[in-house]
Amino acid sequence: MQKIEHLGIAVDNLEEANALFAKLLGASHYKIEEVDSEKVATSFFKIGDTKIELLEATAETSAIHGFIKKRGKGIHHIAFGVADIEAEMERLTQEGFELLNDKPKAGADGKLVCFLHPKSTGGVLVEICQDK
Ligand code: ZN
């Protein structure tokens, strides 16, 4: 793992959350992106060397919809940047972590991503991501 690439925050209204986080951080989001495969709309804020990713569900089948229903809006995942996602997935599997996908998939912000099941990471949804 190289760094904390971003923190993911589940929101129920992206427009309102964008305004709130712009006020909080003193800077506007720099990008909005829909990830159709995940049924989410995302926006990104730069904060120093890392980022905040806001995630709004675009369909009821979205994991973000389920998350908010179950646990309410708020911090959803922590994403670690890695240099070689396949090697890292292999290492984490060897270490006994449960991966939620067996191949890297296309995520937001031009990344390949893989998620780890929170039950294997002390309750924290962990994403690892690599620049494509
Ligand atoms: Zn993320």
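The values are calculated or read from the model by the stated rules, or taken from the named source; none is laboratory data. Everything quoted here is computed from the prediction, not taken from an experiment. Please note: Cβ atoms are built from the backbone with ideal geometry, for glycine as well, and neighbour counts cover all protein chains shown. The area values use the complete protein model at the heavy-atom level, side chains included, leaving out ligands, DNA and RNA. Shrake-Rupley method; radii C 1.70, N 1.55, O 1.52, S 1.80 Å.
Can you say whether F80 is away from the ligand (no atom under 13 Å from the Cβ) and among the aromatic types (F, W, Y), as far as the supplied structure shows? Write out each step before concluding.
On the way: away from the ligand (no atom under 13 Å from the Cβ): no; among the aromatic types (F, W, Y): yes.
Considered against the rule, which asks whether it is away from the ligand (no atom under 13 Å from the Cβ) and among the aromatic types (F, W, Y), F80 comes out as no.
I'd like the residue in the stretch 10-38 that is of a type in the set (V, I, T) and buried (at least 18 other Cβ atoms within 10 Å of the Cβ) and, out of all such residues, is farthest from C129 (Cα to Cα). That would be V11. Applying the criterion of being charged (D, E, K, R) and in a strand (DSSP E or B) to the residues of the stretch 79-132, the residue that is farthest from M1 (Cα to Cα) is K105. Looking across the stretch 60-77, the residues that are open to solvent by 40 Å² or more (accessible area, probe 1.4 Å) and either within 11 Å of the ligand (Cβ to nearest atom) or not aliphatic (A, V, I, L, M) (or both) come down to E60, T61, H65, K69, K70, R71, K73.
Let's see how each residue does on (1) modelled with pLDDT of 95 or more; (2) hydrophobic (A, V, I, L, M, F, W, C); (3) farther than 17 Å from M1 by Cα:
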residue	(1), (2), (3)
G26	yes, no, yes
G48	no, no, yes
L55	yes, yes, yes
I64	yes, yes, yes
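The number of residues in the stretch 42-59 being without any contact (Cβ under 8 Å) to a residue 40 or more places away in the chain and open to solvent by 40 Å² or more (accessible area, probe 1.4 Å) comes to 4.
Answer yes if at least one residue in the stretch 1-20 is assigned to a loop (DSSP other than H, G, I, E, B), within 24 Å of E86 (Cα to Cα) and either within 14 Å of the ligand (Cβ to nearest atom) or not polar (S, T, N, Q) (or both), and no otherwise. Within the stretch 1-20, one or more residues are assigned to a loop (DSSP other than H, G, I, E, B), within 24 Å of E86 (Cα to Cα) and either within 14 Å of the ligand (Cβ to nearest atom) or not polar (S, T, N, Q) (or both).
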